[in-house]
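What follows is a single structure, written as structure tokens, with notes after it.
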Amino acid sequence: MDHQAIRQQMPTLVAGHVPSNARSFQFNIYDGRPLETTLGFHLDPQPFEGKVIAITDDAIVIKTCRTRFAVLDRTLVNEVPLEGARVEVSPYARRRFDGLRADTPEDVIEHRADGTQYTLQRVILGAAPAKLPVVQPRCLELQQLIEQLEEMPAPDGHRRITHMLVDAQARDVTLVDPKPSDIIRTPPSVSFTVETAKFTGRISVIYMRGDDTYSVEWQHNGERVERRDDVYFDMLGETLAELIDDGSWRCIQIRTVHKTARGQKVA
């Protein structure tokens with residue numbers, strides 16, 4: 001979406017929808033790019049509701065309150081609503097393996113001086129982790145692999161690799177956690193099942209101690225489809241994205257809650 005063109009069009013598009021005594025209006029653009037704070041933190045937008053006031057070839061403009069508007073990239077919405085309809089909009093938000101938003105406050109158990117426990121909620125600005133649902137392994141190389149999956153960026157620059165796995169419906173995550181003496185004979189690995197338009201099956205990321213690289217192997221119905229060797233840690237995001245990222249996560253979900261045409265209502 002051309003942001004410059006949208007900025008030029010907005011005064012015309014919102015004309016008649018801004019109160020006459022309002023000196024200005026504000027709008028956010030939702031086109032698959034992350035929202036950023038003034039400090040440079042990436043934010044995941046919250047769902048919102050509003051009235052569709054304009055539809056162009058490129059954009060859908062929604063009035064969300066008195067002087068605020070949202071501009072949606074028309075190519076990313078799951079459906080194009082009627083002008084005048086009231087809609088609920090759910091832009092993309094990074095999620096954890098338990099299905100919750102990745103920016104959900106974390107429950108932390110702390111201990112008082114007398115030994116009693118209490119729970120508090122912790123939020124780290126700009127952080128939206130998606131921890132792999134596995135126990136802490138004993139193998140150091142496997143610990144490093146898990147950390148890289150959780151911290152290394154996906155190619156889109158907004159998500160981490162584990163966010164990309166969540167969006168690919170990754171499940172049944174398992175580890176091969178060998179003793180140090182068995183690391184050559186039994187390489188450490190992380191495996192999971194994914195289901196996307198690109199690939200459905202089992203993927204394993206395997207640490208090869210001799211070369212200090214990874215191998216990525218994918219299987220379908222228990223049979224090996226392909227194996228890619230000599231994958232360095234900074235290539236993991238690109239390699240997995242090429243295999244499983246179908247782009248469907250960018251879709252902006254729109255649900256019409258009230259149609260103006262003939263007063264028809266929908267659930």
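The values are calculated or read from the model by the stated rules, or taken from the named source; none is laboratory data. From a predicted model like this one, the values you see are computed outputs, not experimental measurements. Reconstructed Cβ throughout: ideal geometry from the backbone, glycine too, with neighbour counts over all protein chains shown.
In the range 174-244, counting only strands (runs of 3 or more DSSP E) that sit wholly within it, the ones holding 3 or more residues that are touching a His at 6+ places or on another chain (Cβ under 8 Å) span 200-208. Looking only at the range 129-152, decide whether some residue is at pLDDT 95 or above, crowded, with 17+ Cβ neighbours inside 10 Å, under 17 Å from residue 164 (Cβ atoms) and out of contact with any Phe, Trp or Tyr (no Cβ under 9 Å at 6 or more places or on another chain). Yes, the range 129-152 contains at least one residue that is at pLDDT 95 or above, crowded, with 17+ Cβ neighbours inside 10 Å, under 17 Å from residue 164 (Cβ atoms) and out of contact with any Phe, Trp or Tyr (no Cβ under 9 Å at 6 or more places or on another chain). The residue list 40, 50, 84 contains one member that is under 15 Å from residue 127 (Cα atoms) and more than 17 Å from the chain's Cα centre (by Cα), which is 40. Of the residues making up the range 83-109, those that are among the basic types (Lys, Arg) and touching a helix residue (DSSP H, G or I) at 6+ places or on another chain (Cβ under 9 Å) are 94, 95, 96. Looking at residue 107, is it charged (D, E, K, R), in a loop (DSSP other than H, G, I, E, B) and free of Cβ contacts under 8 Å to residues at least 60 places away in the same chain? Spelling it out, it is not the case that residue 107 is charged (D, E, K, R), in a loop (DSSP other than H, G, I, E, B) and free of Cβ contacts under 8 Å to residues at least 60 places away in the same chain.
Residue check: residue 149 meets all listed conditions (1) out of contact with any Ser or Thr (no Cβ under 9 Å at 6 or more places or on another chain); (2) closer than 27 Å to residue 32 by Cα; (3) not in a loop (DSSP other than H, G, I, E, B) but one, namely (1). If a residue has to be touching a helix residue (DSSP H, G or I) at 6+ places or on another chain (Cβ under 9 Å) and either among the hydrophobic types (A, V, I, L, M, F, W, C) or surrounded by fewer than 16 Cβ atoms within 10 Å (Cβ to Cβ) (or both) to count, how many in the range 50-82 make the cut? Total meeting the criteria: 13.
Pairing each residue of the range 81-93 that is in contact (Cβ under 8 Å) with a residue 40 or more places away in the chain and in the same structural domain as residue 42 (by TED's automatic domain parsing) with any residue that is exposed (fewer than 15 other Cβ atoms within 10 Å of the Cβ) and among the aromatic types (Phe, Trp, Tyr), provided the two are 6+ apart or on different chains, yields no C-beta distance under 6 Å.
Right, residue 114: acidic (Asp, Glu) and in contact (Cβ under 8 Å) with a residue 24 or more places away in the chain or not? I'd like the intermediate steps shown before the answer.
Numbers: acidic (Asp, Glu): yes; in contact (Cβ under 8 Å) with a residue 24 or more places away in the chain: no.
Answer is no for this residue.
Here 133, 153, 188, 137 are screened, and the one residue that is in contact (Cβ under 8 Å) with a residue 60 or more places away in the chain and in the same structural domain as residue 231 (by TED's automatic domain parsing) is 153.
Residues in the range 201-211 that are more than 18 Å from residue 162 (Cβ to Cβ) and touching a helix residue (DSSP H, G or I) at 6+ places or on another chain (Cβ under 9 Å): 209 alone. With the requirement that a residue be modelled with pLDDT under 90, on the phi < 0 side of the Ramachandran plot and surrounded by 15 or more Cβ atoms within 10 Å (Cβ to Cβ), what does the range 19-40 give you? Once the filter is applied, which keeps residues that are modelled with pLDDT under 90, on the phi < 0 side of the Ramachandran plot and surrounded by 15 or more Cβ atoms within 10 Å (Cβ to Cβ), the range 19-40 yields 33, 34.
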